[in-house]
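Let me begin by presenting the structure, written as structure tokens, before commenting on it.
Nothing in this text is a laboratory measurement; each read-out follows from the coordinates by a stated rule. None of these values were measured; they are calculated from a predicted model. Cβ: placed from backbone, ideal geometry, glycine included. Neighbour counts: every protein chain shown.
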Amino acid sequence: MPQHQVPQKVTPIAFVNAIVQAYVKRGLSPNKALKLAQITPGSLSDPASRISAAQMECISGAAMQELDDEALGWFSRRLPWGSYGMLARASLSAGSLGMALKRWCRHHALITDDIALQLIITGDTATLAITEQRDLGALREFCLVSVLRNVHGLACWLIDSRIPLQGAQFPFRTPKHADVYGVLFSGPTQFNCTPAGIRFDARYLALPLRRDEQALNQMLQRALPLTVLQYRRDRLLLTRVRHLLAAQPAQSRSAENLAELLHVSPRTLHRRLKEKGASLQSLKDEVRQSRARDLLLRTSRPIKQVAEAVGFRNEKSFIRAFKAWSGQSPAAFRHSAVDNPI
């Protein structure tokens, strides 16, 4: 029989203490919620203590109900139960993820003015940034982390795809539990950087939403575990790999190099490409072939220079590969294109 797996405990006790602070602010006792989540009072005083994701889900859900505050005390006024569901419903009819996130940012300002969310697009990079408009006090870290995790999880859910992060940044000092940020946010995390925010490939913004009202109602029944970890599929993975390969076609990128840039392991990269009916070698060939055809058609470079430009070590191996791709030698392909222009 397979051994029962013990849930991994990575969530820092600092986040639980932030929830306890929310109870204190309201003059209420957190004991019922702590007991329900099986968190001992003694662990609250141990900075090194950690809890599992299931325990965090449990205490967060109980606290939201008891405090009637989905923000768990972060803001100057409560966000009654259903507030974030209302924001999700308002974003659901958007034609693209970019439009949905802009709506989310705009409507979030209607329920609280303690923070402001903004979607910023700079070149190929999209940033979801938080501007703090009042002192968030002891709940600052928990608030900023939770808001960014929530909107990232929602974005992934809306398009039914992983959205790998290029990085995250926060305006506070590096916490003692900084190691957990590698679990919470893919990509590197920087501290002492203003404003708080996450960055990702802006091409995800153009993807259409894949959810409807029925799916939203089902999701809202268990919205708390809405994290990116459940999404293995990345709808832009092939596009992103092609883009990286095409950016420097003369370089022979290894699986290890590409995986590092995509913030996954080489094994995961190969597996996800296979799930999409592709392989790294086939994508390399596709990008090289496209680049070679373009150079042969649009320039008068010698075949040897074309071979070097698309990443081949010598002219012979390039000619052999091009014949396998097209059934013609590079020279024959160039001549036939001249003789038969489109």
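Points worth noting:
- Net charge, Ser290 excluded, C-beta distance under 14 Å - Lys, Arg +1, Asp, Glu -1: +3
- Here the dipole of the chain is about 1100 debye; that uses its Cα centre as origin and unit charges on the Cβ of Lys and Arg (positive) and Asp and Glu (negative).
- Ranked for footprinting exposure by Cβ neighbours inside 10 Å, fewest first, Glu315, Glu256 give Glu256, Glu315.
- Paramagnetic label reach from Gln248 (point 7 Å along Cα→Cβ; backbone nitrogen cut-off under 16 Å): within the stretch 305-327, residues 309-312.
- DSSP beta bridge pairing in the chain, given as percent antiparallel to the nearest 5: 90
- Positive-end residue of Cys156, Gly137, Met219, charge dipole of the chain with Cβ unit charges: Cys156
- Taking label points 7 Å from Cα along the Cα-to-Cβ direction, Gln214 and Asp285 give a separation of 4.2 nm.
- Close amide H partners of Thr125, meaning residues 5 or more places away or on another chain with modelled amide H under 5 Å apart, are Ala202.
- Between Leu238 and Glu308, the FRET efficiency estimated from the beta carbon spacing at R0 = 22 angstrom works out to 0.25.
- If R0 is taken as 25 Å, the Cβ-Cβ distance between Arg271 and Val183 corresponds to a FRET efficiency of 0.80.
- Cα-projected label distance for Ala90 with Glu57, points at 7 Å along beta-carbon direction, nm: 2.8
- Sorted fewest first by neighbouring Cβ atoms within 10 angstrom, Asp234, Asp294, Asp179 come out as Asp179, Asp294, Asp234.
- At R0 = 22 Å, FRET efficiency that the Cβ-Cβ distance of Ser45 and Val10 yields, to 0.05: 0.70
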